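Participant: Before we start, here is the structure in question, set down as structure tokens.
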Amino acid sequence: MKRTALSTAILLATSPALADTPDTNDAQTLETVQVTASRIAQTVDETLASVTIIDREEIERLQPQQFTDLLEGRAGIETSQNSAFGKTTSVYTRGTSSDHTLLLIDGVRMGSATSGGASWQFLPPEEIERVEIVRGPRTSIYGSDAIGGVVQTFTREGRKGPPKVNAFVGGGSFNTREAGVGVAGGTESTNYSFSLSHFATDGINVQDDVGDDERDGYDNTSLATKVSHRLDNGVEFFGNILYSEGTTEFDSGSIFSPDESDFVHAALRAGVRIPVTQRWDTELSAGHSRDESDNFLEGEFFSQFDTRRDMVNWRNDIVVADNILVITGIDAYEDRVASDTVYDEDSRYNLGAYSVVQVDMGRHDLEGSLRYDDNEQFGDKVTGQVAWGFQMTDPLRLRASYGTAFKAPTFNDLYFPGFGNTDLEPEDSRSLEIGARYTREAYYADAAVFRTELDQMISFDPVAFRAENIDEARIQGIELEAGYESPRWASRASLTLMDAEDRETGKELRRRSPVTARFDLDRNLNRFSVGGSVIAKSRSFDDQDNDVRLSGYGLMNLRASYQIAPEWQLQATVNNVFDKDYETALGYNQPGRAAFLKLRYQQR
């Protein structure tokens, strides 16, 4: 029998701790619960969006060395990297630009105000509890940047029970070494988790004919903390921190570019949830994020680009009637830039008001969202989205949606000396999606057809020699995803077919492959398990004129684990088994065959 989004919300209203930590044991009895698509807890089967969930069990099973190892090849997702291990990384959701995908960490908006993109390369996989990927526009809920979708990561969290220690140590190719320790637990009213991890590698030579021939290393030290406390009257206080800092090296082709960067990547949030009545919950929170980079050339200071963002959010979940749920709120944030580059402006604010309405009509579900943004630089913007769902049979659900979205110009677009243009307008988009999801106890299949049209895209105009709103694009495609899980087997497959076209030239958008695919398969043999992943993508182009071709490739990664004792596990993985030579960005090397070993301890 179908559980409605409203019934899930009512259940969560009686247990507010689940609202931002959906992967609790209680939530598991409700199937997999996500909160990113509409800012309210729903199972994946109930949501009217295309959603992929990667939980902690899957993260440990896949044994990723980088966060993008979890994303590459997923339905609608493609990545490119200026080499591996802490190097500049782009994530393209449904063919949109990398800065069209909003990254959230425990609800905190991340990203650089100068470049516009998120620093995906600095996310530590060991500190992540789960990842929620929502494909399709979400600007009418979250504001600017969410044209292609939203990726939200949740840090490790505690559960009711005595304190339990977890630890790991590992190493492998490229003189890679890593270690970490944490403790998590909880009581009837309090949950807590504290963890610390360190990752370091000598890396590989980023570019063959640029700079020296030495390897370009990377190190990342991360701290994560999450605490919540619930009073007898249901009021809950919560807070979370993810703080990462380290150094990444790369090759410099001239005296005009650096070869090393010290970074800070951090998200902090604290707030309170209050059950005002049985039908009204309210949440007030404040957050802070940092994306900081101090750059060096041959050991001497070269440049600084630091973004600090302060934000507040007031959200209300109101059960208006037995079949109508309203989520409404106000959020505001201010970006501040500190740099040795002199920008005409070094800060700006954005104030947004949003509302989401969900209506349960038996076998039919309707959802609408509307948002108003007032930005200090470009003025106001209104975006909206409507969605419909139909439970055709008990396991089969159909959905359709249409939404508008926008992306605000970055500080580089607006104010960079000699390049910026203060007359720029936000990039606009319109997206249509039709999808279906079939679910049984052990398996599911999901399919979606989508089309996005983008206008006012910001690009460099070589004639005016500045940023201009000159480009238009049309992106359309098909996503297929399926999965199966049992005590013995776990598998997931995805395929994306896409046409991403520049409407001005008729050329393909750069670094967008028409075909991407991924297949993960694991077999549990009691104390021993084996598995592998195959990731493939077709050719793409590295330039706007489609003259520079990036060849397609296929990779195979193999893994195994052995449960030495109830609390001890040994893991091993071999990536790029066939030692393929490939690039995701022209001239930037990717690792060949590499092996890694890790020993885990989890107190029972």
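The values are calculated or read from the model by the stated rules, or taken from the named source; none is laboratory data. All figures in this text were calculated on a predicted structure; none of them were measured in a lab. Cβ coordinates were reconstructed from backbone atoms using ideal geometry, including for glycine residues, and neighbour counts include every protein chain displayed. Accessible surface is based on the protein model in full, side chains and every heavy atom, while ligands, DNA and RNA are left aside. Shrake-Rupley method; radii C 1.70, N 1.55, O 1.52, S 1.80 Å.
Participant: Is segment 153-174 home to any residue that is closer than 30 Å to T47 by Cβ, open to solvent by less than 10 Å² (accessible area, probe 1.4 Å) and assigned to a helix (DSSP H, G or I)?
Facilitator: The answer is no, given that none of the residues of segment 153-174 is closer than 30 Å to T47 by Cβ, open to solvent by less than 10 Å² (accessible area, probe 1.4 Å) and assigned to a helix (DSSP H, G or I).
Participant: Hey, another quick one. Which residues, counting only those in segment 98-125, are over 20 Å from M457 (Cβ atoms) and touching a Pro at 6+ places or on another chain (Cβ under 9 Å)?
Facilitator: Matches in segment 98-125: P125 only.
Let's see how each residue does on (1) among the basic types (K, R); (2) open to solvent by 10 Å² or more (accessible area, probe 1.4 Å); (3) outside any loop (DSSP other than H, G, I, E, B):
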{"residue": "A84", "(1), (2), (3)": "no, no, no"}
{"residue": "V91", "(1), (2), (3)": "no, no, yes"}
{"residue": "E126", "(1), (2), (3)": "no, yes, yes"}
{"residue": "I133", "(1), (2), (3)": "no, no, yes"}
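Participant: Taking the residues in segment 529-545 that are at pLDDT 95 or above and over 26 Å from the mean Cα position of the chain (by Cα) as candidates, determine which candidate is surrounded by the fewest Cβ atoms within 10 Å (Cβ to Cβ).
Facilitator: V530
Participant: Then there's this: Check whether at least one residue in segment 416-427 is open to solvent by 30 Å² or more (accessible area, probe 1.4 Å), at pLDDT 95 or above and over 30 Å from E485 (Cβ atoms), and report yes or no.
Facilitator: no
Participant: Could you say which residue among A447, A473, A464 is farther than 16 Å from Y402 by Cα and surrounded by fewer than 15 Cβ atoms within 10 Å (Cβ to Cβ)?
Facilitator: Being farther than 16 Å from Y402 by Cα and surrounded by fewer than 15 Cβ atoms within 10 Å (Cβ to Cβ) holds for just one of A447, A473, A464, which is A464.
Participant: How about segment 318-337: which of its residues are surrounded by 18 or more Cβ atoms within 10 Å (Cβ to Cβ), of a type outside the set (V, I, T) and more than 24 Å from H288 (Cβ to Cβ)?
Facilitator: L325
Table: residues versus (1) among the acidic types (D, E); (2) more than 21 Å from A75 (Cα to Cα).
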site: R399; (1), (2): no, no
site: F406; (1), (2): no, yes
site: N412; (1), (2): no, yes
site: E433; (1), (2): yes, no
site: D461; (1), (2): yes, yes
site: I470; (1), (2): no, yes
site: Y484; (1), (2): no, no
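Participant: Another question, if that's okay. Across segment 207-243, what is the total count of residues that are more than 30 Å from R273 (Cα to Cα), assigned to a strand (DSSP E or B) and of a type in the set (S, T, N, Q)?
Facilitator: Matching residues across segment 207-243 total 2.
Participant: Residues being of a type in the set (G, A, S), assigned to a loop (DSSP other than H, G, I, E, B) and in contact with a strand residue (DSSP E or B) (Cβ under 9 Å, 6 or more places away or on another chain): count how many of those fall in segment 580-604.
Facilitator: 2
Participant: Here's a follow-up. Residues being within 19 Å of P426 (Cβ to Cβ), touching a Gly at 6+ places or on another chain (Cβ under 7 Å) and either polar (S, T, N, Q) or open to solvent by less than 70 Å² (accessible area, probe 1.4 Å) (or both): count how many of those fall in segment 338-370.
Facilitator: Matching residues across segment 338-370 total 4.
Participant: For L30, all conditions in the list (1) modelled with pLDDT under 55; (2) part of a helix (DSSP H, G or I); (3) among the aliphatic types (A, V, I, L, M) hold save one; what is the number of the exception?
Facilitator: So L30 meets the others, but not (2).
Participant: While we're on this one: For V577, all conditions in the list (1) free of Cβ contacts under 8 Å to residues at least 60 places away in the same chain; (2) part of a strand (DSSP E or B); (3) of a type in the set (V, I, T) hold save one; what is the number of the exception?
Facilitator: Answer for V577: the failing condition is (2).
Participant: Right, another one. Being surrounded by fewer than 20 Cβ atoms within 10 Å (Cβ to Cβ), in contact with a strand residue (DSSP E or B) (Cβ under 6 Å, 6 or more places away or on another chain) and free of Cβ contacts under 8 Å to residues at least 40 places away in the same chain narrows it down to one residue among Y438, Y402; which is it?
Facilitator: Answer to the check: Y402.
Participant: If you scan segment 185-205, which residues turn out to be part of a strand (DSSP E or B) and farther than 19 Å from L599 by Cβ?
Facilitator: Across segment 185-205, the qualifying residues are G185, G186, T190, N191, Y192, S193, F194, D202, G203, I204.
Participant: Still on this structure: Checking the structure you have, find out if any residue of segment 38-50 is surrounded by fewer than 24 Cβ atoms within 10 Å (Cβ to Cβ), at pLDDT 90 or above and of a type in the set (A, V, I, L, M).
Facilitator: Looking for residues that are surrounded by fewer than 24 Cβ atoms within 10 Å (Cβ to Cβ), at pLDDT 90 or above and of a type in the set (A, V, I, L, M), one finds none in segment 38-50, hence no.
Let's see how each residue does on (1) outside any strand (DSSP E or B); (2) touching a residue at least 60 places away in the same chain (Cβ under 8 Å); (3) farther than 19 Å from F305 by Cα:
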{"site": "E245", "(1), (2), (3)": "no, no, no"}
{"site": "T248", "(1), (2), (3)": "no, yes, no"}
{"site": "S254", "(1), (2), (3)": "yes, no, yes"}
{"site": "S257", "(1), (2), (3)": "yes, no, no"}
{"site": "S261", "(1), (2), (3)": "no, no, no"}
{"site": "V272", "(1), (2), (3)": "no, no, yes"}
{"site": "P275", "(1), (2), (3)": "no, yes, yes"}
{"site": "H288", "(1), (2), (3)": "no, yes, no"}
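Participant: Just the residues that are modelled with pLDDT under 95 and assigned to a loop (DSSP other than H, G, I, E, B), please, taken from segment 363-385.
Facilitator: E376, Q377, F378
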